[in-house]
Amino acid sequence: MRLLLNPFFRFSTAYVGSQTSLKTGFSSQILPFHLRKMLHYKMEERGQPNTLDYRIYFKTSEGKYISPFHDIPLFAGDDQTMFNMVVEIPRWTNAKMEIATKDPLNPIKQDVKKGKLRYVANVFPHKGYIWNYGALPQTWEDPSHKDNDTKGCGDNDPIDVCDIGSKVCSPGEVIQVKVLGILAMIDEGETDWKIIAINVEDKDAPNINRIDDVRKLRPGYLESTVDWFKKYKVPDGKPENQFAFNGEFKDKDFAVEVIKSTHQFWKALTQKQTDGGAINCKNVSVCKSPFQCSEEEACSIVQSAPTFGISDTLPEEVDKWYFLPK
């Protein structure tokens, strides 16, 4: 659900289906659906869209500023295959928006490369991102952890999600997704997991419960997903990305275990039990976290950012096609 309030405020929702145990990180009490607490989020835009200073900050319906990385709960339902997803990049768009892990309160901003805003190239026949792309909050791919299966270390970001639902979402929207499977991409030697999921509000969601269902009801989507991730950096002069497991998708049980492990890495990060380097762990709600800040401090961080302005024009390169040899 999204309600347009004014040019720089938007609503989104997330659900909490359980009370989280600080010791295990998982549910200590499961609530029935009608007793779940619905959390409403607002997105506040700052700066000028399509420029270096543009940011999307998050706050609760009560007006309290939060971190989408640390303060939005991971689990969304009454089982461990339903999660909150923070949408960073809507389907069909090119701007590489991402949770700014090194900025206070971790707003969404556009990635920068060599001083310029980064846009993903259109590698024929694809246009921009072919799913709603985003991240699972309260997860972290630890760069000091070497995965036993992929033999690569984490990429130092929250775990990525590809929502294959039909709705085109908005940047900063918080949706609830059902996990279906996972792809293990190797990006310049790092393990970069890609969760395949579907928005629980999608009309096909009741019939898509595992990765094989995607093959049946979304024929060609998984193959296109591998092709997209393999080639999207080639126009920038980089080699094709590689994949663990010969590019095969692992099932939802495997995916959930990977998510659980990244959730544990995140817990260690926010409790200062591991070295996060330049990662900014400032939060307002993580219990016993030494990085917890006051509401006043969080507010001052956002208020210090430039006010929302008129969008700059997109560069012509956004519409350029790249035709690569087979």
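The values are calculated or read from the model by the stated rules, or taken from the named source; none is laboratory data. Here the structure is a predicted model, which means the values were calculated and not measured. Note that each Cβ is placed from the backbone with ideal geometry, even for glycine, and that neighbours are counted across all protein chains shown. What goes into the accessible areas is simple: the full protein's heavy atoms, side chains included, and nothing from ligands, DNA or RNA. Shrake-Rupley method; radii C 1.70, N 1.55, O 1.52, S 1.80 Å.
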Residues in segment 193-207: is at least one in contact (Cβ under 8 Å) with a residue 60 or more places away in the chain, open to solvent by 40 Å² or more (accessible area, probe 1.4 Å) and of a type outside the set (Ser, Thr, Tyr)? yes
Of Cys162, Cys169, Cys153, the only residue that is touching a residue at least 24 places away in the same chain (Cβ under 8 Å), under 22 Å from Phe69 (Cβ atoms) and open to solvent by 20 Å² or more (accessible area, probe 1.4 Å) is Cys153
Matching residues in segment 224-248 (touching a helix residue (DSSP H, G or I) at 6+ places or on another chain (Cβ under 6 Å) and either farther than 29 Å from Ala121 by Cα or exposed (fewer than 15 other Cβ atoms within 10 Å of the Cβ) (or both)) number 1
In segment 104-127, anything surrounded by fewer than 18 Cβ atoms within 10 Å (Cβ to Cβ) and out of contact with any Lys or Arg (no Cβ under 7 Å at 6 or more places or on another chain) is listed as Lys113, Lys114, Gly115, Lys116, Phe124, Pro125, Lys127
Here the residues within segment 273-296 that are of a type in the set (D, E, K, R) and open to solvent by 70 Å² or more (accessible area, probe 1.4 Å) are Asp275, Lys288, Glu295, Glu296
Flagged pairs (Cβ under 7 angstrom, 6 or more apart or on separate chains; first in segment 275-299, free of Cβ contacts under 8 Å to residues at least 60 places away in the same chain; second among the charged types (D, E, K, R) and open to solvent by 70 Å² or more (accessible area, probe 1.4 Å)) are Pro290/Lys272
From the option list Pro68, Pro90, Pro73, single residue qualifying as under 16 Å from the mean Cα position of the chain (by Cα), surrounded by fewer than 19 Cβ atoms within 10 Å (Cβ to Cβ), within 27 Å of Ser166 (Cα to Cα) and at pLDDT 95 or above is Pro73
Hey, any hits in segment 249-268 for a residue that's without any contact (Cβ under 8 Å) to a residue 60 or more places away in the chain, more than 22 Å from the chain's Cα centre (by Cα) and open to solvent by 70 Å² or more (accessible area, probe 1.4 Å)? no
Within segment 128-146, restricting to residues that are open to solvent by 10 Å² or more (accessible area, probe 1.4 Å) and in contact with an Asp or Glu (Cβ under 8 Å, 6 or more places away or on another chain), the one that is farthest from Ala184 (Cα to Cα) is Ser144
Review point. For segment 264-282, does any single residue satisfy the condition of being in contact with a strand residue (DSSP E or B) (Cβ under 6 Å, 6 or more places away or on another chain) and farther than 16 Å from Cys162 by Cβ?
Key: no
Per the filter on segment 172-186, residues part of a strand (DSSP E or B) and either under 21 Å from His70 (Cα atoms) or open to solvent by 20 Å² or more (accessible area, probe 1.4 Å) (or both) are Val174, Ile175, Gln176, Val177, Lys178, Val179, Ile186
Counting only strands (runs of 3 or more DSSP E) entirely within segment 84-169, those with at least 1 residues that are under 20 Å from Lys282 (Cα atoms) are 97-99, 108-110, 132-135
- Query: For segment 28-38, does any single residue satisfy the condition of being at pLDDT 95 or above and not in a strand (DSSP E or B)?
  - Reply: no
